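Worksheet for the structure shown next.
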Amino acid sequence: MDTEKKQSRWTDEELAASVDTYLKILALEEDGQTVDKPLEQRILQEGALINRTTKAVDFRLQNLSFLFVELGLKPNSYPLMANIGSGVAARVEIILASKGVIDLDDYLPTADEETLNRRTEKLRGKKLLGVPEGIEKPKKVTVTTTSYARSPRIKAWILDNAKGICEGCDQPGPFEQADGTRFLEVHHVKHLANRGSDRRSNAVALCPNCHKRCHHANDKDEFTATLYQKVERLKREQLD
Ligand SMILES: [Zn+2]
Ligand SMILES: [Zn+2]
């Protein structure tokens, strides 16, 4: 009897069989075929999901639709059901990765900014579908980062010298701060990470737009070259 079947933890085999059926239905639908879903579910129940109720099998296939949308993949016609536990979702993601449906690494939450940006760029390149729910309570992690001990005297001089005007675009900083000065950031033209110095000859005061441009724009090298030209105190430092 269906009702006597126990609600035990789903095994990886059960989840993998569900994913197989889900993908099979998806492929048939993509191919324009009409799928007899109750029949597919019965086949599942006669095989790997012999210990599961009809309702449980139906729910599982529905929450695979939810997970597919969360991953940005096109779901099959099963309605979205949201109550997939994060533990099950993580296990299904591993199964999807093993079947080559997703690259697991792309989706892993990370506290490392560079890794986050790399994964973001890769996912953006995939033109994912749908609107993701995300993480309600992101895990707090302690990370070791490398920073440089910088001179407050130099930072103060660079900012005082700029008088609130960006040395990149010559516009005032975007907003006034509590102390009445315009907000600007100090950028090291030769990055500290590339062994640039923390001296007046390597530091500029920039608005956030110009600052981000130095780091991320497709014309960052050309833009940096204009800074060397227009800000007289700047000196190019040795490449390593
Ligand atoms: Zn600017
Ligand atoms: Zn910078």
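What to note about this one:
- Subset of the stretch 176-188 [crowded, with 21+ Cβ neighbours inside 10 Å and either hydrophobic (A, V, I, L, M, F, W, C) or outside the structural domain of LYS220 (by TED's automatic domain parsing) (or both)]: LEU184
- Subset of the stretch 108-125 [surrounded by fewer than 14 Cβ atoms within 10 Å (Cβ to Cβ) and in a loop (DSSP other than H, G, I, E, B)]: LEU108, PRO109, ALA111, ASP112
- Residue in the stretch 188-195 that is touching a residue at least 24 places away in the same chain (Cβ under 8 Å), of a type outside the set (A, V, I, L, M) and within 16 Å of ligand 1 (Cβ to nearest atom) present: no
- Being surrounded by fewer than 20 Cβ atoms within 10 Å (Cβ to Cβ) and under 27 Å from GLU136 (Cβ atoms) holds for only one residue in ASP20, ASP36, ASP58, and it is ASP58.
- Selection status of SER147, within 15 Å of ligand 2 (Cβ to nearest atom), polar (S, T, N, Q), surrounded by 10 or more Cβ atoms within 10 Å (Cβ to Cβ) and not in a helix (DSSP H, G or I): no
- Looking across the stretch 152-201, the residues that are hydroxyl-bearing (Ser, Thr, Tyr) and within 16 Å of ligand 2 (Cβ to nearest atom) come down to SER197, SER201.
- Residues satisfying the stated conditions in the stretch 37-60, i.e. of a type in the set (A, V, I, L, M, F, W, C) and touching a helix residue (DSSP H, G or I) at 6+ places or on another chain (Cβ under 6 Å): LEU44, ALA48, LEU49, VAL57
- Residue that is nearest to ligand 1 (Cβ to nearest atom), among those in the stretch 150-177 that are free of Cβ contacts under 8 Å to residues at least 24 places away in the same chain and in a loop (DSSP other than H, G, I, E, B): ASP170
- Top-ranked residue of the stretch 201-221 - restricted to ones that are surrounded by fewer than 16 Cβ atoms within 10 Å (Cβ to Cβ) and more than 15 Å from ligand 1 (Cβ to nearest atom), ranked as farthest from LYS155 (Cα to Cα): ASN218
- In the stretch 4-29, the residues that are over 19 Å from GLY87 (Cα atoms) and not assigned by TED's automatic domain parsing to the domain that holds ALA90 reach residues that are surrounded by 12 or more Cβ atoms within 10 Å (Cβ to Cβ) and modelled with pLDDT under 95 with C-beta atoms within less than 6 angstrom, at least six apart or across chains, in these pairs: LYS5/ASN51; LYS5/THR53.
- Test: PHE183 is in contact with a helix residue (DSSP H, G or I) (Cβ under 9 Å, 6 or more places away or on another chain) and farther than 14 Å from LEU159 by Cβ: no
- A single member of GLU93, GLU133 is of a type outside the set (Phe, Trp, Tyr) and either over 23 Å from the mean Cα position of the chain (by Cα) or within 20 Å of TRP10 (Cβ to Cβ) (or both), and it is GLU93.
The values are calculated or read from the model by the stated rules, or taken from the named source; none is laboratory data. Here the structure is a predicted model, which is why all the values come from computation and not from measurement. With ideal geometry, Cβ positions are generated from the backbone for all residues, glycine too; neighbour counts draw on all protein chains shown.
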